[in-house]
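Data block below; observations after.
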Amino acid sequence: MENEKRNSRRWLPNTYWQIGIEIAVLLIVLYGFGLLLQSRVEGLLNNTVEVSVSRQAADIDALAEERFKHEHEALHTAAKLIVGHPEQEQAMLSALESETPGARVLHIRAHDELTQADVINYQDYRQLEDAFQGQNIVDYCAGKGLLFAVPMRKGNAVTGILCRLYPESVMTDSFTMEALGSQARFLIRERAGGIMVPYRGYSERDEKFLGSPSVRDGFEVLEKKLKTNRSAVIYVETEDTTFSPDGRYYLFGANLSGTNGVLFGFVPWHEVAGEITYIYQTIIVIFYLLLLLFAIVGTYLFYVQAKATESDALRRARDEAERLRIVAERANHAKSDFLANMSHEIRTPLNSIAGLNEMILRESGEKGIRRYASEVRNASSTLMGLINDILDFSKIESGELQIVHAPYQLSQLIHEVVLMIRPRAEKKGLEFIVDVDKELPENLIGDVMRLRQVLINFLSNAVKYTPTGKVMLIVRGEKKGGTEVEMQFTVQDTGIGIRPEDQGKIFEGFKRVDLIRNRNIQGTGLGMAITKRLVEAMQGTITLQSIYGQGSSFTAVLPQQRQDDELVGDYLASPEDNEADAYRPRFVAPEANVLVVDDNEINRFVVANLLKQTLVHIDMAENGEECLKLTRAHHYDLVLLDQMMPGMSGIETLQKARTQKGSPCADTPFVILTADAIAGSREKFVAAGFSDYLSKPVDGRKLEEVVEKYLPTRLVHHPDAES
């Protein structure tokens, strides 16, 4: 036995030494592979960023060209009217000047002589001669401004030119190019090098930055690239930290065709590459952590191999762990895809359910049926809330959540929230108390939609988890500097409370606490996670106080802006439940013609019936082709158009409808109907040419508001007002 122990002790150092050498060699090889991978990933990401910046420059360049083109088209239209009706020349020139305050409009005839004393002369604007040769021009003169000119023709002869001059005092506001939500700065330069249109806020520090050697050299390189490319981008490092803390920038440029100008600009490196770099660094860190993990596992395996004790059971366990890891990854991907798809797709049938149910509530006089329909509406609202929770959580996680500040009335907000929550509390036999400070301002500015969502989440949770007792909404505020008011919204309940160890989990997504006790309470576990992130997005704070078994108190403190000195006063938040009130349309318009386009027959039926009592005349089409056919043959005062249709989408249908020659609907407003409720959808559709946006399920009153807004005023009647 002693001999075996001595032999074992002699054997172990040699074995560990051998294992150490093998592991060291393996780590060196893997480290070299990691450096190679790092270099390749870094190069790939840099190329991706440059392509992205170049595309943005090309997009902004196209927008600038579109603005210049629009200016020329306006001048062309005026020029034709002046040539055809000389007696209206002065009126037309005055109209052109009034639509662009600060700009000057001039009619220069072919025989006029222009001298240095004139506002516009050949010495300052060398392209004027090209205008008399029949070309549209855009020219710039330092100190005088940006000149647009088009030829005025009578037959084939150019009799003069029509010009609009934007002085430098208004030129920047009219033609500055900007990228929404970006720190990128765009300016338009002459090909000779002078700045034609600076960006807004351009000052001496900007001039100093653009004149620094590295930036100036970078723009020279860009100019060479633009000789053979529509747009280009380069990366530069400077000692100038005016716009970037690390002095790193992307410079970009694009040719403005048909002008003597070039779009130039710059964007801080961290603005476009920061997040990608973070992901890249995270990948590299994870890779090296995996290397470390691999080294540890390798050490273990080498040791086990040296000891010859690895068993089949251990190998099976390792294989099973790897299989479970792969299964878990696939399950996570499947869950994400499922949530995203179902959150979108459920809206379409839910539109039919909610719309048809609204018809029952409007048209049925039987209390029993109305009660059943009311329960259906509550269930639909609950389902819609779950879907919105999932969508909101997705928006927040992807950074797409938008906060929109607008004026609102505090009393109306509280009225709407209480009207929604009070019936739920009373149904459970809970006392519902509202305590609003009379000295609070009535008219505020903030994101009222998100604030309403926060309060409803607070109160819904309180009612949901309070079996007996009361729920209280307390509204307080404190004036800060200027017009800022720090509003404090507190919801207290006498519910089941939250255990101390669970309070930190309340604000995590897809987490529900105390599941055994709360097994009969429905929910996604997203409500408070969304609430916390909404409050933080509005620059506020959220706090929780809770005693297990006695109740909880949630408080949101949010900065809002005061519009005026009007106070909310003795506001008694006790609105009556008006769900049983008889429905009355907002307006009637029996002479109005509306076209509803949707590939789903029930959806068309729902929209038509939601508008039935407004007496508008409704035609229907089930796809884009039918829509185009009807809009070619008939005049419609409004078109409600679905987005997701077989064949042509809503956007494609709108674009073709706008280009139909001789169509009586050339100026008809188009409103999009869509189940796409992701952040940014409204902006996308408005940018595509739609007048407004309605998401499914379509709310009947919101539908009436939109229809009333876009119908011609002469067709809309309000019976109550007229009587």
**OP:** Considering (1) at pLDDT 85 or above; (2) surrounded by fewer than 16 Cβ atoms within 10 Å (Cβ to Cβ); (3) not in a helix (DSSP H, G or I); (4) not small (Gly, Ala, Ser), say which one PHE432 fails and leave the rest.
**Re:** (2)
**OP:** Hey, can you tell me all the residues within the stretch 531-561 that are touching a strand residue (DSSP E or B) at 6+ places or on another chain (Cβ under 8 Å) and of a type in the set (Ser, Thr, Tyr)?
**Re:** THR531, THR541, THR543, SER546, SER552, SER553, THR555
Original post:
Which of (1) modelled with pLDDT under 80; (2) of a type in the set (S, T, N, Q); (3) over 30 Å from the mean Cα position of the chain (by Cα) does THR238 not meet, given it meets every other one?
Top reply: (1)
Original post:
So, in the stretch 230-264, of the ones that are among the aromatic types (Phe, Trp, Tyr) and assigned to a strand (DSSP E or B), which residue ends up most open to solvent (accessible area, probe 1.4 Å)?
Top reply: TYR235
**OP:** Being out of contact with any helix residue (DSSP H, G or I) (no Cβ under 6 Å at 6 or more places or on another chain), modelled with pLDDT of 85 or more and in a helix (DSSP H, G or I) narrows it down to one of ALA462, ALA379, so name that one.
**Re:** ALA462
**OP:** Could you run through the stretch 47-57 and say how many residues are surrounded by fewer than 19 Cβ atoms within 10 Å (Cβ to Cβ) and closer than 14 Å to ARG185 by Cα?
**Re:** 0
Original post:
Taking the stretch 630-653 only, how many residues are in a helix (DSSP H, G or I) and not hydrophobic (A, V, I, L, M, F, W, C)?
Top reply: 5
Original post:
Condition test on LEU292, is it at pLDDT below 80 and at negative phi?
Top reply: yes
Subject >> Subset of the stretch 643-659 [open to solvent by less than 30 Å² (accessible area, probe 1.4 Å) and polar (S, T, N, Q)] >> reply: GLN643, SER649, THR653
**OP:** Please find, within the stretch 575-590, the residue that is farthest from LEU473 (Cα to Cα) out of those that are modelled with pLDDT under 80 and open to solvent by 70 Å² or more (accessible area, probe 1.4 Å).
**Re:** ALA582
Subject >> Residue list for the stretch 188-212, filter: within 10 Å of GLY261 (Cα to Cα), open to solvent by 10 Å² or more (accessible area, probe 1.4 Å) and either modelled with pLDDT of 75 or more or in contact with a Gly (Cβ under 9 Å, 6 or more places away or on another chain) (or both) >> reply: ARG189, GLU190, ARG191, ILE195
**OP:** Answer yes or no: is there a residue in the stretch 657-675 that is assigned to a helix (DSSP H, G or I) and out of contact with any Gly (no Cβ under 9 Å at 6 or more places or on another chain).
**Re:** no
Original post:
For the stretch 465-487, which residues satisfy the criterion of being buried (at least 18 other Cβ atoms within 10 Å of the Cβ) and either assigned to a loop (DSSP other than H, G, I, E, B) or in contact with a Lys or Arg (Cβ under 8 Å, 6 or more places away or on another chain) (or both)?
Top reply: TYR465, THR466, VAL485, MET487
Original post:
Quick one: ARG185 ticks every box in (1) out of contact with any Lys or Arg (no Cβ under 8 Å at 6 or more places or on another chain); (2) over 22 Å from ALA58 (Cα atoms); (3) open to solvent by 10 Å² or more (accessible area, probe 1.4 Å) bar one, so which box is it?
Top reply: (2)
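The values are calculated or read from the model by the stated rules, or taken from the named source; none is laboratory data. On a predicted model such as this, the values are computed, not experimentally measured, just so you know. All Cβ positions, glycine included, derive from the backbone under ideal geometry; neighbour counts span all protein chains shown. Calculation scope for accessible area: heavy atoms of the full protein, side chains included, ligands and nucleic acids excluded. Shrake-Rupley method; radii C 1.70, N 1.55, O 1.52, S 1.80 Å.
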